[in-house]
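As structure tokens, the structure follows; a few thoughts come after it.
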Amino acid sequence: MQLSLLRLLLAVALLCVSAVVAAPGTDTPALERRTLDGCFAAKCSWDETCKPATCVKKPHPGPKPCHPKCGKTQECRDGHCIKKYTPPVHQPKKCWPACKHSEECRDGKCVRKHAPEPKKCHPECKHGFECKDGRCVKKPEPVPQKCHPECKHGFECKDGRCVKKPEPVPQKCHPECKHGYSCKKGRCEPTPKPEPLKCWPECKQHGYECKKGKCIKKDEPTPQPKVCHPACPRHEECKDGKCTKKQTIPVRT
């Protein structure tokens, strides 16, 4: 009789405990679930669930969708549409003082501008022209470099240096020049008479003269007969510039 009563009391106690403890998956305290499911020794944490004598991680719930869908400037979080986060726009640092025309400002510093790629010319420019911005323009005349000091006679200045002038190529005459003429710059001109050689020192001795650079004795001049003006008539003759009667030589018989 006493044994039956003890069994009855034990059954009532178990029924009472079952009424207080909820089924697995409810908000029942972890300690109670452990006791009922046999996980007391494993001591499951708050983010675990108890399966027969084993603690396992709870499945992570997926994000709640938004109905209706969010706009372009919004995003869905936990079933709610909120404004998207826009990062602040980076404001470049200004340069002070202002950069030069050939420079540009980068993060508060003046740096040299990159030269743009030059435009090419199609077709290529001919001789004496060069390509600028896609157009053929005439090349500027080069500025000659000056020589200091100036070059002496027979030399000329080239690239700032004195160099000897090249010998000029004589121009030929076609046809060739005749005797007494010589070719100058492609034209026949009279050949100038050569200047006589001078004597040094000068010939001062009486009766001497300079010939071909030497002092030589003068030749005795032959006296020239005097001429009658006007001319003498036929029966007269000129003697010492005077008309006189001709002397007739008698013919011997």
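Could you pull out the residue among LYS126, LYS109, LYS132, LYS139 that is exposed (fewer than 10 other Cβ atoms within 10 Å of the Cβ) and out of contact with any Lys or Arg (no Cβ under 7 Å at 6 or more places or on another chain)? Step through it out loud before you land on a result.
Numbers: LYS109 fails: exposed (fewer than 10 other Cβ atoms within 10 Å of the Cβ); LYS132 fails: exposed (fewer than 10 other Cβ atoms within 10 Å of the Cβ); LYS139 fails: exposed (fewer than 10 other Cβ atoms within 10 Å of the Cβ).
Criteria check complete, one pass: LYS126.
Could you tell me whether any residue of segment 195-209 is among the aromatic types (Phe, Trp, Tyr) and either under 60 Å from the mean Cα position of the chain (by Cα) or within 30 Å of CYS151 (Cα to Cα) (or both)?
Taking every residue of segment 195-209 in turn, none turns out to be among the aromatic types (Phe, Trp, Tyr) and either under 60 Å from the mean Cα position of the chain (by Cα) or within 30 Å of CYS151 (Cα to Cα) (or both).
Restricting attention to segment 131-161, which residues are aliphatic (A, V, I, L, M) and assigned to a loop (DSSP other than H, G, I, E, B)?
VAL143
Quick one: in segment 98-113, of everything that is in contact with a strand residue (DSSP E or B) (Cβ under 9 Å, 6 or more places away or on another chain) and assigned to a loop (DSSP other than H, G, I, E, B), which residue is farthest from LYS138 (Cα to Cα)?
Only one residue tops the list, namely ALA98.
Scan CYS177, CYS157, CYS188 and give me the residue that is in contact with a Lys or Arg (Cβ under 7 Å, 6 or more places away or on another chain) and farther than 30 Å from HIS90 by Cβ. Explain how you work it out, then say what you get.
Details: CYS177 fails: in contact with a Lys or Arg (Cβ under 7 Å, 6 or more places away or on another chain); CYS188 fails: in contact with a Lys or Arg (Cβ under 7 Å, 6 or more places away or on another chain).
Testing whether each residue is in contact with a Lys or Arg (Cβ under 7 Å, 6 or more places away or on another chain) and farther than 30 Å from HIS90 by Cβ leaves just CYS157.
Exactly one of (1) closer than 30 Å to LYS217 by Cα; (2) modelled with pLDDT of 85 or more is unmet by TRP200. Its number?
Failed condition: (2).
So, in segment 118-130, of the ones that are in a loop (DSSP other than H, G, I, E, B) and within 18 Å of the chain's Cα centre (by Cα), which residue ends up modelled with the lowest pLDDT?
PRO118
Conditions (1) closer than 30 Å to LYS152 by Cα; (2) loosely packed, with under 10 Cβ neighbours inside 10 Å; (3) touching a residue at least 24 places away in the same chain (Cβ under 8 Å), marked per residue:
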position	(1), (2), (3)
LYS184	yes, no, no
PRO194	yes, yes, no
CYS199	no, no, no
CYS203	no, no, no
HIS206	no, yes, no
ASP219	no, yes, no
THR244	no, no, no
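Looking at the structure I just gave you, is GLU176 surrounded by 10 or more Cβ atoms within 10 Å (Cβ to Cβ), of a type in the set (D, E, K, R) and either without any contact (Cβ under 8 Å) to a residue 24 or more places away in the chain or over 30 Å from GLY128 (Cβ atoms) (or both)?
Criteria not met by GLU176.
Just to be sure, is CYS188 over 30 Å from LYS212 (Cβ atoms) and touching a residue at least 12 places away in the same chain (Cβ under 8 Å)?
Taking the combined requirement at face value, the residue does not satisfy it.
The values are calculated or read from the model by the stated rules, or taken from the named source; none is laboratory data. All of these numbers come straight from a predicted model, not from anything done at the bench. Ideal geometry is used to build each Cβ from the backbone, glycine not excepted, and the neighbour counts take in all protein chains shown.
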